[in-house]
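Working notes, beginning with the structure itself.
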């Protein structure tokens, strides 16, 4: 069954039409667009002979599969109690002040999205954050300022 988006057809051809291909296909759409649109989910469902609800349920279950447009750089700050005890609030405040956005928002230039997420696996070096796939730990407001400044100039 043909789709309107060639990249979905390419991903389906690459990964196959089995139910087990759903995650790699969703991840491929994320790599291309930074999010999965409702139209993408519908087309994937048609290609894999799944209901749109099955695709939507999978896409929305995982916090790293975005179903809303996001910035080029998605900043995910760990929201566990451990990171909170080690100064996560000042880290988030520094990011918000620098980017002029709040948690859950995307900058007007679509360069940054700031999110909080569950454990990143860096509790021993908290507070921690990811910028796209790159982890940063042992964060302080000063360290965050340097990191964000570097990304602002990319």
Angle between the chain longest axis and helix 22-33 axis [Cα atoms, degrees, rounded to 10]: 60
Using DSSP, restrict attention to beta bridges with both residues in the chain and report what percent are antiparallel, rounded to the nearest 5. 55
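Once you compute Rg and the Kirkwood Rh from C-alpha atoms, what is the Rg to Rh ratio for the range 73-152? Before the final figure, lay out the partial values.
Numbers: Rg = 11.2 Å, Rh = 12.1 Å.
Value, to two decimals: 0.92.
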In degrees rounded to 10, the 0-90 angle between helix 88-99 Cα long axis and the longest Cα principal axis of the chain is 80
Could you work out how far apart the two model spin labels at residue 68 and residue 145 are, taking each label as a point 7 Å from the Cα in the direction of the beta carbon, and quote it in nm? 3.0
From DSSP H assignment alone, runs of 4+ in the chain each adding -39500 (n - 2.57), the sum over residues rounded to the nearest 500 puts [θ] at 222 nm at -14000 deg cm²/dmol
Taking a label point 7 Å from the Cα of residue 27 along the Cα→Cβ vector, which residues of the range 56-79 have an amide N closer than 14 Å to it? 62-66
Enter the angle in degrees (range 0 to 90, nearest 10) between the Cα long axis of helix 141-152 and the first principal axis of the Cα atoms of the chain, meaning the one along which they spread out most. 40
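All of the numbers you see were taken from the coordinates with simple rules; none came from a lab. The structure presented is a predicted model; accordingly, all values stated were derived computationally and were not measured. When we count neighbours, we look across all protein chains shown, and the Cβ atoms used for this are built from the backbone with ideal geometry, even at glycine.
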